[in-house]
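Structure record follows, encoded as structure tokens.
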Amino acid sequence: MRLVSFVERDSPSVVRTGVVVDDVVVDLTDPSVALPGDMTDFLVAGPAAIERADDATRSGARRLALDQVRLRPPVPHPAKVLGIGLNYAAHVAETGATRPEHQVWFNKQRTCVIGPGDAIEIPRVSGQVDYEGELAMVIGRRCRHVPAADAASVVAGFTVLNDVTVRDWQWRTPTWTLGKSFDTHGPTGPWIVTGDEVGDPHRLGLRTWVNGDLRQDASTDDMIFSCWEQVEYLSTVFTLEPGDIISTGTPAGVGMSFDPPRWLVDGDVVRIEIDRVGTLENPVAVEPNP
Ligand code: MN
């Protein structure tokens, strides 16, 4: 099942949840379905809500043409957005780093999240803006101390995330957080594909294009720490909650790996495609004046 957050063009402030079936969206806030319009609340409602959403696709619930709605970030207000660094062997090699012994984690501030089609902004303070195409997990259940063998059961599904990074600001602090957290630098979407439709997340093709130029072309089987090991490691430390986003690292081919580097500039379009998950596309624009 493909779960979306969307708005209708004539009421852009009312965010609803839906299920995409072919080229239509089934409105989960239709009174006959009556599920929460906020994706985090929907996920908190658990398996019963997922089952009800699935039933809605075979009911008379309200349907809208997909091209008549505007998709929003699938989880508009995640409580956490975490990213793992240096998690693809070929990416570690291109950065010149050494293969990490322990998982390298950083925060992206939750305010950086944007949806499909929203503009990635080039901030006034830097021109070193880079893309990182990534598979991201969306947590479906409040949990702590989850063994890797059980981790799939706490993941609601997967989405595409562009871990946009301002390189000079990334290196200013060992936590990387500032360079990872500029507003608009967390594009996610277009939807959450439930785990049952993705199967093994470690055998998916991932491709990133900038203006049609293929920059990243890899398989998730190049991950050093698996998705399930990541859930185990993070949940050793803190509670994971429904809607939390965990981004699983980027493969080789980021802009800084080229000589000279190929930073994003005004007018670019970044497109990330992950097998069985979906395609996320965002334009790049200069940060508007305050
Ligand atoms: Mn990354």
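The values are calculated or read from the model by the stated rules, or taken from the named source; none is laboratory data. Because the structure is predicted, anything quoted here is derived from the model rather than measured. In this analysis, Cβ positions are derived from the backbone assuming ideal geometry, glycine residues included, and neighbour counts consider all displayed protein chains. Heads up: the accessible areas ignore ligands, DNA and RNA and are worked out on the full protein's heavy atoms, side chains in. Shrake-Rupley method; radii C 1.70, N 1.55, O 1.52, S 1.80 Å.
Restricting to the range 114-167, count the residues that are touching a Pro at 6+ places or on another chain (Cβ under 7 Å) and surrounded by fewer than 17 Cβ atoms within 10 Å (Cβ to Cβ).
Result for the range 114-167: 3.
Using the structure shown, decide if GLY249 is modelled with pLDDT of 95 or more and on the phi > 0 side of the Ramachandran plot.
So GLY249 fits the description; yes.
Would you call VAL33 crowded, with 23+ Cβ neighbours inside 10 Å, touching a residue at least 12 places away in the same chain (Cβ under 8 Å) and either within 21 Å of the chain's Cα centre (by Cα) or outside the structural domain of VAL155 (by TED's automatic domain parsing) (or both)?
So VAL33 does not fit the description; no.
Check the range 88-103 and report whether any residue there is surrounded by 19 or more Cβ atoms within 10 Å (Cβ to Cβ), over 22 Å from GLY189 (Cα atoms) and within 16 Å of the ligand (Cβ to nearest atom).
Yes - at least one qualifying residue is present in the range 88-103.
Just one of ALA49, ALA45, ALA56 is in contact with a helix residue (DSSP H, G or I) (Cβ under 6 Å, 6 or more places away or on another chain), among the hydrophobic types (A, V, I, L, M, F, W, C) and either open to solvent by 30 Å² or more (accessible area, probe 1.4 Å) or farther than 20 Å from THR208 by Cβ (or both); which is it?
Matching residue, one of ALA49, ALA45, ALA56: ALA49.
Count, please, the residues in the range 211-255 that happen to be of a type in the set (A, V, I, L, M), within 16 Å of the ligand (Cβ to nearest atom) and crowded, with 18+ Cβ neighbours inside 10 Å.
7
Tally time: how many residues in the range 75-87 are open to solvent by less than 10 Å² (accessible area, probe 1.4 Å), out of contact with any Phe, Trp or Tyr (no Cβ under 9 Å at 6 or more places or on another chain) and within 15 Å of the ligand (Cβ to nearest atom)?
1
Scan ARG72, ARG62 and give me the residue that is open to solvent by 50 Å² or more (accessible area, probe 1.4 Å), in contact with a strand residue (DSSP E or B) (Cβ under 8 Å, 6 or more places away or on another chain), of a type outside the set (Gly, Ala, Ser) and more than 16 Å from the ligand (Cβ to nearest atom).
ARG62
Show the residue pairs meeting these rules: Cβ distance below 7 Å; 6+ apart or different chains; first residue within the range 47-68 and among the hydroxyl-bearing types (Ser, Thr, Tyr); second residue surrounded by fewer than 18 Cβ atoms within 10 Å (Cβ to Cβ).
Once the first residue is among the hydroxyl-bearing types (Ser, Thr, Tyr) and sits in the range 47-68, its partners that are surrounded by fewer than 18 Cβ atoms within 10 Å (Cβ to Cβ) give THR57/VAL21; SER59/SER32.
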